Every structure is written in structure tokens, then in C-alpha cells.
Amino acid sequence: MAAGIVHVEFKSANFARTSEFYSRVFDWQTEQNAAGSYMKLNASDGTSGGWVRADLVQAPGPVAYLTVDDLEAKLAEIEQAGGRVLVRSLPFAGGGEVALFADPDGNVLGLWRRKTASGAAPNGSEKAAPAAKPEKAAKPAAPKRAPKKK
């Protein structure tokens, strides 16, 4: 199956300015994440994209993402064909995980393995969920001291 471009990310040095520009010119609506590192495009036509804070960008230009069923297998294919893996795997807030690679000419593209409702990759392989952090035990109360004798 041919991989299609399903998501595009741009860089932004100023989310407020970027949001105002695209809202004014194309009537696009945006939503910034709580961490302040990403701003999502909320497009009514189903277009998937967003902006990464400029100081976090890994590529010199926009990054197009392609969906894959098996991230590790596709990264192995990329390396065998002369590409270079830049980021092997990161969780994706929209569901699943992403990776970044450079083709033999240095163009940076992303791969996106979407998560299905069952938590499995589209090809049915299960991905282990990250282990939950153990809760911190409550600190024991300090022992009460007897009042000082006068």
C-alpha cells in the first residue's frame, strides 16, 4: 500500500502571531497545548497539521508525516535503503507514536503509527503501554513531642 501524507508540521517562533496570521488569511482555527510546545490546526475539512515551537524543531522546513502499520519495520527499511533515522520513537498526543528520518538527500519526514481503539497498531500488533509511575508513599507524620517541663 502506498503511504500518503496525513499530517504536516511547521515551525513557529511566536504562536500568537502565527495563529493570528493563519486565522486572518485562511480562517484557520488553532489550539495550543498545555506545555506551550505545540499548536494544533483545528481544520473543519479534516486537514491534520500544526506548528512546533521553533526552538524544538528537528528539521529545516515543514515535516510531512506518513502513516505506517509497523514503525520499527519501516525504519529498518529506511536504513537499508540509505536513509538515516533521526528520532526512533516518540509518543504522539493524537494517538500512537511518531519517528523522524532523513532521506538520502537530507529531507526530513515523519512516520506516524496510529493507535487504534484497542491500543494496537493497525496491523494488529500490540504495543505495550508505558508503566505507570508508582505513587509516592505518604510521609509519616513527625512524632509529637512531649511538652517541655518548666
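Values in this text are rule-based calculations from the coordinates and carry no lab data. Keep in mind that this is a model prediction, so the values were computed, not measured. For neighbour counting, all protein chains shown are included, and Cβ atoms are generated from backbone atoms with ideal geometry for every residue, glycine included.
Key figures for this structure:
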quantity: Residues 63, 25, 8, sorted so that the one with the fewest Cβ neighbours within 10 Å comes first; calculated: 25, 8, 63
quantity: Fraction of the pair-distance distribution of region 5-113 above 22 Å, Cα-Cα pairs, percent; calculated: 33
quantity: Point-charge dipole on Cβ atoms (K/R +1, D/E -1) for region 5-113, about Cα centre, debye to 20; calculated: 360
quantity: Residues 112, 51 arranged by fewest to most Cβ contacts within 10 Å; calculated: 112, 51
quantity: Residue order, fewest to most beta carbons within 10 Å, for 113, 53; calculated: 53, 113
quantity: Taking region 5-113 and dividing mean pair separation by its residue count, relative contact order in percent (alpha carbons under 8 Å, at least six apart); calculated: 24
quantity: Mean separation of Cα contacts under 8 Å (6+ apart) over length of region 64-120, as relative contact order %; calculated: 38
quantity: Distance (nanometres) between label positions extended 7 Å along Cα→Cβ at residue 48 and residue 69; calculated: 1.7
quantity: R0 of 30 Å, Cβ-Cβ distance residue 89-residue 24: FRET efficiency to nearest 0.05; calculated: 0.20
